[in-house]
Amino acid sequence: MGKNNQSYFGSLLLLAIVLLAPQALRADDWEQGRKERPVQMQINIIGGGVFGYHLNDILYIGALQTNPYTTDSAQNPDQVTSQTVYNQDGMTREIWNQSRHAAVELRITPWPFGFYFSGGYVRTEEEYFTQTFDKRSRTIGSGTYNTGFEVDVRAPRYVSAAFGMGINHVQTNGFSWGFGFIGGSSLRKDLKVSITGWDEAPSAEDLAEFEDYVNKTASYSGGGILVLSLGYNF
């Protein structure tokens, strides 16, 4: 997930907490909604859906998924030009391509007001990001070169155990909403890194040293899913 989206989604979640948390004071009907309307269908406002079944007022089993999307910093270049990445300045563009994320989870809600812990697994398809750097004098490995370049990082298909938490509220009239997070238990490994687009090609030794540094520095998080959902229970 791109950094700009994380910030945007985090702001949405904070707004949801401010607007909806006061209902937690009316805990008398929280359990009743889950008991009387166990089938849950919600739209994730961030993109995707949440579907599941309340086995009782404590246990819930369900699935959720996000829609794939692409973000391109060309629409907002200021967000990347000031960053230093891989000890290099002058990044001019960053493209993130995120696949569909899916998860199956078992939620445990030990308190009436709807706060839950969850466990399950998450799955993604291959994802990638591309970063473009402008032409300038740079230190690559042990040498100095007047060059730009492009870094392409690809994360393979990912399946992992996952853990999460959040709040889910089912009103007695069927309206339901929730916010939370579930994510993989580890960073994604086996990333494929390629560096191309050199204006002045580094020596084989310098290129190998820089590629090794990028491989060690680049990272992909474990397929997390943010949930900000609205829907109806039957």
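Is at least one residue of region 151-174 over 23 Å from ASN44 (Cα atoms) and hydroxyl-bearing (Ser, Thr, Tyr)?
So far as region 151-174 goes, no, none of its residues is over 23 Å from ASN44 (Cα atoms) and hydroxyl-bearing (Ser, Thr, Tyr).
Here are some conditions: (1) under 18 Å from GLU105 (Cα atoms); (2) surrounded by 18 or more Cβ atoms within 10 Å (Cβ to Cβ); (3) small (Gly, Ala, Ser); (4) without any contact (Cβ under 8 Å) to a residue 60 or more places away in the chain. GLY148 meets all but one. Which one does it not meet?
GLY148 satisfies every listed condition except (1).
So which of TYR69, TYR60 ends up being surrounded by 16 or more Cβ atoms within 10 Å (Cβ to Cβ), of a type in the set (Phe, Trp, Tyr) and within 30 Å of SER176 (Cα to Cα)?
TYR60
Of all residues in region 50-80 being at pLDDT below 95 and small (Gly, Ala, Ser), which is farthest from GLY166 (Cα to Cα)?
Once the filter is applied, the top-ranked residue is ALA74.
With the requirement that a residue be over 11 Å from ALA63 (Cα atoms) and either buried (at least 16 other Cβ atoms within 10 Å of the Cβ) or of a type in the set (A, V, I, L, M) (or both), what does region 116-126 give you?
Step one: of region 116-126, the residues over 11 Å from ALA63 (Cα atoms) are 116-119, 123-126.
If the condition is that a residue be over 11 Å from ALA63 (Cα atoms) and either buried (at least 16 other Cβ atoms within 10 Å of the Cβ) or of a type in the set (A, V, I, L, M) (or both), then TYR116, SER118, ARG123, THR124 are the ones that fit.
State which residue is surrounded by the fewest Cβ atoms within 10 Å (Cβ to Cβ) when the search covers only region 152-204 and only residues that are of a type in the set (Gly, Ala, Ser) and over 21 Å from GLU105 (Cα atoms). Before the answer, list the steps.
Let us first name the residues in region 152-204 that are of a type in the set (Gly, Ala, Ser), namely 155, 160-162, 164, 166, 174, 176, 178, 180, 183-186, 194, 197, 201, 203-204.
In the following step, the residues that additionally are over 21 Å from GLU105 (Cα atoms) were identified as 155, 174, 194, 197, 201, 203-204.
Details: ALA155: 24, GLY174: 15, SER194: 12, GLY197: 13, ALA201: 12, SER203: 13, ALA204: 9.
Only one residue fits best here, namely ALA204.
Go through ARG136, ARG157, ARG123 for me and flag whichever is charged (D, E, K, R), more than 21 Å from PHE51 (Cβ to Cβ) and within 16 Å of the chain's Cα centre (by Cα).
After applying the criteria, what remains is ARG157.
Considering region 195-234 alone, what residues qualify as being under 19 Å from GLU125 (Cβ atoms) and either in a strand (DSSP E or B) or of a type in the set (Asp, Glu) (or both)? Walk me through it before giving the result.
Going through region 195-234, the residues under 19 Å from GLU125 (Cβ atoms) turn out to be 218-226.
Of everything in region 195-234, those that are under 19 Å from GLU125 (Cβ atoms) and either in a strand (DSSP E or B) or of a type in the set (Asp, Glu) (or both) turn out to be ILE225, LEU226.
Residues of region 210-234 being surrounded by fewer than 16 Cβ atoms within 10 Å (Cβ to Cβ) and of a type outside the set (Phe, Trp, Tyr), which ones?
ASP212, ASN215, LYS216, THR217, SER219, SER221, LEU230
The values are calculated or read from the model by the stated rules, or taken from the named source; none is laboratory data. Everything quoted here is computed from the prediction, not taken from an experiment. When we count neighbours, we look across all protein chains shown, and the Cβ atoms used for this are built from the backbone with ideal geometry, even at glycine.
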